[in-house]
Amino acid sequence: MQPLSLPGRIHRLQVEGISQPVYLYRDDESGFAISGAKRRKLSGVIQWLRSENARKVAVIGSLHSNQVLAAAQLLTEEGFQLQLVLKSGHHQGPGNAFLTELIVPRSQWTMLDSSAWKMVEQIAGDWAAVQSEKTLVLPEGAECEAAFHGVKGLATDLQQAIEAEELNIGRIYLDSGTGLTAAGVMWGADWGNT
């Protein structure tokens, strides 16, 4: 699988009390609403779904999840039919659930309470197994090998941006909720001892 290339800019931050320069790679500018690691992860997922000739996807996540909203938008745009398998929450207000419903109607949602949530993968897998068209399951947070391949491109884009700016970087910190993005960058990096 080819990792998605989303070249970004490096932004120097002025941080009071820190003598060394601090830079921020603006992966968040790679798209509107869905950008950075989520877009990269889902690019890998889309390649995987296509390679498997899938037509439908069971997307696992929480009712107000940013990942579910991103998957709903991108997978729908790519022509996949979705069934959302969602953990109901105590979140007040419509939030991402409202936006997700604009993309995927509630008739394509399976809501699970916390007691049923421990069986979520089995429930999604059972639904996928009875579909007439090839159907795959996207785990919560898109934590799967295909997403891992998708985020590898961040390493290349980051390396190219650092080289273009001729920067000497001592440390790199990544915002990575599940650790998948950080692992993908480390796997995709070819920086030797630098």
* **Test: Ser176 is out of contact with any His (no Cβ under 9 Å at 6 or more places or on another chain), among the polar types (S, T, N, Q), open to solvent by 70 Å² or more (accessible area, probe 1.4 Å) and not in a strand (DSSP E or B)** => no
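Which of the following residues is modelled with pLDDT under 90 and out of contact with any His (no Cβ under 6 Å at 6 or more places or on another chain): Arg26, Arg50, Arg55, Arg40?
Numbers: Arg26 fails: out of contact with any His (no Cβ under 6 Å at 6 or more places or on another chain); Arg50 fails: modelled with pLDDT under 90; Arg55 fails: modelled with pLDDT under 90.
Within the list Arg26, Arg50, Arg55, Arg40, the selection yields Arg40.
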* Structure fact -> With criteria (1) open to solvent by 60 Å² or more (accessible area, probe 1.4 Å); (2) closer than 18 Å to Ala142 by Cβ, Ser114 comes up short on (2)
* **Long-range neighbours under 9 Å by Cβ, at least six apart or interchain, first residue over 14 Å from Ala164 (Cα atoms) and of a type in the set (Val, Ile, Thr) within the range 9-23, second assigned to a loop (DSSP other than H, G, I, E, B) and open to solvent by less than 80 Å² (accessible area, probe 1.4 Å)** => Val15/Pro21; Val22/Val15
* Do you know which of the residues in the range 11-27 that are outside any loop (DSSP other than H, G, I, E, B) and surrounded by 14 or more Cβ atoms within 10 Å (Cβ to Cβ) is nearest to the chain's Cα centre (by Cα)? -> Asp27
* Structure fact -> Taking the range 44-74 and keeping only residues that are of a type outside the set (Val, Ile, Thr), open to solvent by less than 50 Å² (accessible area, probe 1.4 Å), assigned to a helix (DSSP H, G or I) and closer than 24 Å to Lys118 by Cβ, one is left with Gln67, Leu69, Ala71, Ala72
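Restrict the check to the range 156-164 and report whether at least one residue is open to solvent by 40 Å² or more (accessible area, probe 1.4 Å), under 21 Å from Gln47 (Cα atoms) and either touching a residue at least 12 places away in the same chain (Cβ under 8 Å) or assigned to a strand (DSSP E or B) (or both). First the steps, then the outcome.
The first filter runs over the range 156-164 and keeps only residues open to solvent by 40 Å² or more (accessible area, probe 1.4 Å), leaving 156, 159-160, 163-164.
From what's left, under 21 Å from Gln47 (Cα atoms): 156.
If we keep only those that are either touching a residue at least 12 places away in the same chain (Cβ under 8 Å) or assigned to a strand (DSSP E or B) (or both) too, we end up with 156.
Yes.
With Val120, Val151 as the choices, which residue is open to solvent by less than 30 Å² (accessible area, probe 1.4 Å), more than 18 Å from the chain's Cα centre (by Cα), under 24 Å from Glu52 (Cα atoms) and in contact (Cβ under 8 Å) with a residue 60 or more places away in the chain? Before you say what the answer is, go through the steps one by one.
Details: Val151 fails: more than 18 Å from the chain's Cα centre (by Cα).
Result: Val120 is the single residue among Val120, Val151 that is open to solvent by less than 30 Å² (accessible area, probe 1.4 Å), more than 18 Å from the chain's Cα centre (by Cα), under 24 Å from Glu52 (Cα atoms) and in contact (Cβ under 8 Å) with a residue 60 or more places away in the chain.
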* Asked: Scanning for something closer than 16 Å to Leu138 by Cα, at pLDDT 95 or above and open to solvent by 10 Å² or more (accessible area, probe 1.4 Å), does the range 95-109 turn up at least one residue?
  -> yes
* Which pairs do you get when a residue that is small (Gly, Ala, Ser) and open to solvent by 30 Å² or more (accessible area, probe 1.4 Å), found in the range 128-147, comes within reach of a residue that is at pLDDT 95 or above and not in a loop (DSSP other than H, G, I, E, B), reach meaning Cβ atoms under 8 angstrom, with the pair 6+ apart or on two chains? -> Ala129/Thr135
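The values are calculated or read from the model by the stated rules, or taken from the named source; none is laboratory data. Note that the coordinates shown come from a computational prediction; the quantities given were computed from them, not determined experimentally. Here the Cβ is made from the backbone with ideal geometry for all residues, glycine too, and neighbour counts use every protein chain on show. The accessibility values were calculated without ligands, DNA or RNA, using every heavy atom of the protein model including side chains. Shrake-Rupley method; radii C 1.70, N 1.55, O 1.52, S 1.80 Å.
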